[in-house]
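Presented below is the structure to which this report refers.
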Amino acid sequence: MADFDPSVTLTRDGRVAIITLNRSEHRNEINVDMTFDLADACLSAQQDDEVWAVLLTGSGDIFCAGTDESELASGWQEASALDRLRVCESVASIDKPVVAALNGDAIDQGLEIALACDLRVASTAASFGLTHLEKGFIPWDGGTQRLPRLIGTSRATEMILSSRILASDEALDLGLVNLVTEPEDVVSRAIELASTIARHGPTANRYIKEAVMKGLDMTLEQGMRLEADLSFLLQSASDRAEGLASFLERRPPTYTGK
Amino acid sequence: MPDSDVVLYDKLGAVGHLVLNRPKAINAFNIQMRDELYLSLSAANDDPEVRVILISGAGDRGFCAGADLSEFGTAPSQVVARRVRWERDLWGLFMSIRKPLVAAVHGFVIGSGVEITCLCDIRIASDDAVFRMPEAALSLVPAAGGTQTLSRNIGLGESMNMLLANSPMNAQRALSVGLVHRLVSKKSLLDEGFAVAEVLAALDPRSIASAKQTIQTGLDMPIDQGIGLERRETAKLISSR
């Protein structure tokens, strides 16, 4: 097994799980192997109680250039072929905060993966786009739904219909990414952000993510109810008492996840 | 009985002016403030002479430093806390008011301070304002609608950055993402707040109420139902002339 190089790696930096798309010789394009490996990595990060935040990045100088088209050559005409290549639900089903470190281009399915994360840190050298329409397709791994919810209907429609590639400064202006930094600093800056988040109350983080994401699909009044109920539920956690005590005693909190 | 008011309420013409008034604590939101804000807001809402409600914070340091954590967890149980929350539903009262709500905020605008701001329709800030949501860091969930109103007002990406990462947002950024609609100098903040309020007070209150209702309720509906609501509201306005 010495020459076996997994297509997705999972490592740890403190409380942060780092998932890396690891097929840089193929521009980290998604094939069926990666679909399984990424789903496994996401599930491990989700189930590991020691992991309080997740970072998703790519090896080399590209985040992910899209789908490996050689996987599609035989079955491209069949909708079921795409089912084996979808990965974004695996990413989005992590209920902990997920930070994307966009070390390079995130195109097509690569951008859809970034959209399934909660926060995005991007390289100044990276480009972004959903170019499916140029090939007679539409985004098929969540892009038509997540892009408008992130940057608004108007800008998302323009991006998808025109298949336009954006540079990092425009991506920042549109709110497609949260932060832009030099290529060599992307991963360290993203780890810093994920580590900051991982120092917060882990249950609070998960409940906030749930309230925001589920609340988008609710009326405002229903969303207020969900938020309030999660807030009352959190009152039963010992971390909440620790948070208040640390504030009143002016010291950093020590959370346990309980 | 507390001997001093932590919410001041003044009527100046058609403008009802509410001031969060615990300046030594940067107007930290406590139980007394909740109760007084509920009473003052109800009074302003019920008073037909009041056409616009303006909210600001007393003192030099900020609009509101967030919840007063020294009073947290004093409810005997989650069951009681939940009952009290809905018995005196201050945030629901904010959302139900059909008069324009104007926030004029400065300095520290933290936690519930951001949430109160988001519950207002028109938001003016002085250029020294800093906005921040520290709840996750304290192992709390925002409980005045922040997880709902922020994403609806400034978008998902900016909201997650504030809510999960506790990232501070300066006044200029707040303006560009739509958290506030105008920046002014600190010394002119209240004058500008009143100027905006007076422009709104000169408009037909039924039209304003109808616009607020149609926009807010319509966002919770599929578009065809929203269009239907808009048509009914327009017809009601015309027939009432």
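Only the coordinates and a few stated rules stand behind these numbers; no lab work does. As the structure is a prediction and not an experimental result, all values here were calculated from the model. Virtual Cβ from ideal backbone geometry, glycine too; neighbours counted across all protein chains shown.
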Step through the residues of region B:162-176 one at a time and calculate ³J(HN,Hα) from phi using the Karplus curve (6.51 cos²θ - 1.76 cosθ + 1.60, θ = phi - 60°), rounding each to whole Hz and writing x for Gly and Pro.
6, 6, 8, 9, 6, 6, x, 10, 7, 4, 4, 5, 4, 5, 6
If each part is reduced to its alpha-carbon centroid, region B:37-57 and region B:189-241 end up apart, in Å, by 18 Å
Report Rg(Cα)/(2.2 N^0.38 Å) for the protein assembly as shown, keeping two decimals.
1.04
May I ask you to evaluate 6.51 cos²θ - 1.76 cosθ + 1.60, the Karplus curve with θ = phi - 60°, for each residue of region A:208-223 and list the ³J(HN,Hα) values in order in whole Hz, giving x for glycine and proline?
5, 4, 4, 5, 5, 5, 5, x, 4, 9, 10, 5, 4, 5, 5, x
What are the principal axis extents of the Cα atoms in chain A, in Å, biggest first?
60, 51, 36
Modelled FRET efficiency - R0 51 Å, A:D33 with B:Q78, Cβ distances, 0.05 increments
0.65
Please list, by residue number, every one of the chymotrypsin sites (Phe, Trp or Tyr not before Pro) in region A:21-127 that is coil in DSSP and has at most 16 other beta-carbon atoms within 10 Å.
A:W76
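Run lengths n ≥ 4 of DSSP H only: what is the helix-derived mean residue ellipticity at 222 nm for chain A, with -39500 (n - 2.57) per run over all residues, to the nearest 500? Can you show the working numbers first?
Numbers: 11 runs with 112 residues, N = 258.
Taking each H run of at least 4 residues, the total per residue is -13000 deg cm²/dmol.
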Convex hull volume of region B:32-75 per residue (C-alpha atoms, cubic angstrom)
92 Å³
Max mean-square fluctuation residue, GNM over chain B, Cα-Cα springs under 10 Å, options B:H106, B:H17, B:H181:
B:H181
Kindly provide the GluC sites (Glu not before Pro) of region B:1-88 that DSSP labels as loop, not H, G, I, E or B, and whose Cβ sees at most 11 other Cβ atoms within 10 Å.
B:E49
A:S70 versus A:D83: modelled label distance in nm, points set 7 Å from Cα along the beta carbon direction
2.6 nm
Rough spin-label spacing in nm, given labels placed 7 Å along Cα→Cβ, for A:K258 and A:S44:
2.7 nm
Quick one: among A:T219, A:T153, A:T20, which has the greatest mean-square fluctuation in a GNM of chain A with alpha-carbon springs under 10 angstrom?
A:T219
HN-Hα J couplings of region B:124-129 from phi, Karplus 6.51/-1.76/1.60, θ = phi - 60°, integer Hz, Gly and Pro as x?
10, 10, 7, 6, 8, 5
How many angstrom separate the Cα center of region A:207-258 from the Cα center of region A:19-60?
28 Å
Which entries of B:K186/B:K212; A:K209/B:K212; B:K99/B:K187; A:K258/B:K24 show an alpha-carbon separation above 32 angstrom in the structure shown?
A:K258/B:K24
Just name one of A:G129, A:L161, A:L234: the one whose Cα is farthest towards the positive end of the charge dipole of chain A (beta-carbon charges, Lys/Arg +1, Asp/Glu -1).
A:L234
Expected max-MSF residue from B:S40, B:S56, B:S77 in the GNM of chain B (alpha carbon, under 10 Å) is B:S77
Rounded to the nearest 0.05, what FRET efficiency do B:K236 and B:S176 have when you use their Cβ-Cβ distance and R0 = 25 Å?
0.10
